[in-house]
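Nothing in this text is a laboratory measurement; each read-out follows from the coordinates by a stated rule. This structure is a prediction, so every number in the text was calculated from the model and none was measured. Backbone-built Cβ (ideal geometry, glycine too); neighbour counts: all protein chains shown.
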Amino acid sequence: MTTPIFLFDGHCVLCSRGVHYVLRYEASPDTRFVAILSGEGRKLAALHNINPENPKSFLWIENGQALAASEGVLALLRHVGGPAKFFRLGRIIPRPIRDWLYYTVAKNRYKVFGRTESCYVPTPENRDRFVLT
């Protein structure tokens, strides 16, 4: 089993909150966080046909499999506890509906949640788990 990778938009407030949530509630601290505009992030995005300048989805990469949109969220949720664990029930919703909901939020994320000029800044305790440049 390889270390899971969370490829995220570091300028998106919602995405940064998601990273913070995973850090707080993950079952075991092994997730590696890669900002999509970093060198490694751009390579991963290109490999999976995502425009790093305007990402339509984050990626959750685990055991060599890249999952986007609602499938990525559900895979990520298997690794965390806390209040969001109840969203695992989303699996019962048909994927086309889940993905429509995901892409609707993703399309409006900057308008609703905001955008920062600087990427998420990790704490010194977890800095080694991040690729930001």
Return yes when residue 120 is surrounded by 13 or more Cβ atoms within 10 Å (Cβ to Cβ) and either assigned to a loop (DSSP other than H, G, I, E, B) or touching a Phe, Trp or Tyr at 6+ places or on another chain (Cβ under 6 Å) (or both) and no when it is not. yes
Looking for something touching a residue at least 12 places away in the same chain (Cβ under 8 Å), buried (at least 17 other Cβ atoms within 10 Å of the Cβ), on the phi < 0 side of the Ramachandran plot and charged (D, E, K, R) - is there at least one such residue anywhere in region 4-16? yes
Step by step: first the residues of region 78-98, then only those that are touching a residue at least 60 places away in the same chain (Cβ under 8 Å) and outside any helix (DSSP H, G or I), then the one that is surrounded by the most Cβ atoms within 10 Å (Cβ to Cβ). Which residue is that? 79
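Taking residue 40 as the residue in question, decide whether it is surrounded by 15 or more Cβ atoms within 10 Å (Cβ to Cβ) and either touching a Pro at 6+ places or on another chain (Cβ under 8 Å) or more than 25 Å from residue 115 (Cα to Cα) (or both).
For residue 40, the condition - surrounded by 15 or more Cβ atoms within 10 Å (Cβ to Cβ) and either touching a Pro at 6+ places or on another chain (Cβ under 8 Å) or more than 25 Å from residue 115 (Cα to Cα) (or both) - is not met.
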Can you name the condition, by its number, that residue 101 falls short on among (1) over 24 Å from residue 2 (Cα atoms); (2) loosely packed, with under 12 Cβ neighbours inside 10 Å? (2)
